[in-house]
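What follows is a single structure, written as structure tokens, with notes after it.
The values are calculated or read from the model by the stated rules, or taken from the named source; none is laboratory data. Note that the structure is predicted; figures quoted are calculated from it, not measured. In this analysis, Cβ positions are derived from the backbone assuming ideal geometry, glycine residues included, and neighbour counts consider all displayed protein chains.
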Amino acid sequence: MSLTQPPPALPQYLQENEISQETRDMISTLPRDQGWIASHIYQYQGFWHSTRQIEGVLACQENFRAQDSDILLVTTPKSGTTWLKAILFSLVKRGEYYHPEPQDHPLLTKNPHVLVPHLEIGLYLQKPVPDLMTSYAPPRLFSSHLPLVSLPESVKETACKVVYLCRNPKDTFVSLWHFANKLRPESWGSISLEEALELFCRGVSMCGPFWDHVLGYWNESLKRPQSVFFIKYEEMKEEEEAGSHLRKLAEFLGCPFSPEEEAQGVVGNILKQCSFETLSNLDVNKRGKLSSGEEHSAFFRRGEAGDWRNHLTAEMAEQIDRITEEKWQGSGLKF
Ligand code: A3P
């Protein structure tokens, strides 16, 4: 099996050709390990990225200028990014589309990744200096998988708000494993659960170590609660609690629900419109591809909390739990 020639079907951020000589030289100095999808991943500022992704990270760090009104959704891969993108878009742009029922809502015809573009593996990978001023009306909504340490300086220096979403480590791992196998070229075969677990537990996964990524933002949300909102996938999944978390998110973003909106049931409408059932059954999400190459449907699998029980042995679960306990000890962060 040759791992040197990934076919063009790989998402853009995983393609290893087409990178500049400058990035190639820089990457050659970085620690390297086995990739889950691309042949290798590289450690930059303590976190693992594919070759091509690093090019986007560097361009984003150099050229992204946050504005005070920006909203940045940061996640680790497979923690429910697609879902929170839909929620943030519906929430922040609700004045434009709710009357009070959604009418001609962009989510009905566009995948959430199109409505809330990704910085380093989307916009800055396509162009080192994308035009974000005229193409996006404020408040601009972007997403990123960057760890705290790698965020462009202007995000920290402005009043830009960061919403950080994380998910149970075992479910994140299982979702990541499924996703990797979906994207891997057929000729490479699948990556086994055991092999993926070994890499994940060593911290070698896209934007990993997972635990360090989450802890960085958790601590930042405690230090700067007015700028960083930390939310768990599982909290949004709890039927009874989701509404109150959405209200807190709206307050954090400076767009609380009015008494009229409450009376009209806008909170429930947004949650329903962004539910797994609704989004995964829309034609736009069953067909079509992102410009980066992934099929829209790849972002909708089961959408449940606790699916790890269907995949991990007791030993595997304990292994992840042990690391979680060690890494987050004393932080107050728990699942
Ligand atoms: P599973 O693989 O466990 O089903 P990301 O968007 O960060 O790539 O995460 C993808 C995960 O979020 C997948 O998890 C996917 O099914 C789930 N997901 C997508 N849309 C969702 C929604 N509306 N509600 C809940 N989970 C959703």
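Quick check on this structure: which one of Gly216, Gly203 is modelled with pLDDT of 95 or more and either over 16 Å from the mean Cα position of the chain (by Cα) or of a type in the set (D, E, K, R) (or both)?
Among Gly216, Gly203, only Gly203 is modelled with pLDDT of 95 or more and either over 16 Å from the mean Cα position of the chain (by Cα) or of a type in the set (D, E, K, R) (or both).
Does Val57 qualify as being away from the ligand (no atom under 16 Å from the Cβ), among the β-branched types (Val, Ile, Thr) and either at pLDDT 95 or above or out of contact with any Ser or Thr (no Cβ under 6 Å at 6 or more places or on another chain) (or both)? Yes; evaluated as a whole, the condition is true for this residue.
Note on region 1-33: residues that are touching a strand residue (DSSP E or B) at 6+ places or on another chain (Cβ under 7 Å) and either within 22 Å of Ser192 (Cβ to Cβ) or modelled with pLDDT under 95 (or both) amount to 5. Return yes when Asn111 is within 15 Å of the ligand (Cβ to nearest atom) and closer than 17 Å to Thr82 by Cα and no when it is not. Here the answer is yes, as Asn111 does meet what is asked. For region 296-320, filtered to residues that are touching a residue at least 40 places away in the same chain (Cβ under 8 Å) and away from the ligand (no atom under 12 Å from the Cβ), the residue that is nearest to Asp212 (Cα to Cα) is Ile320.
Quick one: Ser79 ticks every box in (1) in contact with a helix residue (DSSP H, G or I) (Cβ under 7 Å, 6 or more places away or on another chain); (2) of a type in the set (Gly, Ala, Ser); (3) farther than 30 Å from Ala305 by Cα bar one, so which box is it? Only one criterion is unmet by Ser79, namely (3). Go through (1) within 18 Å of the chain's Cα centre (by Cα); (2) free of Cβ contacts under 8 Å to residues at least 12 places away in the same chain one by one and return the number of the condition Val57 breaks. Going through the list (1) within 18 Å of the chain's Cα centre (by Cα); (2) free of Cβ contacts under 8 Å to residues at least 12 places away in the same chain, Val57 breaks only (2).
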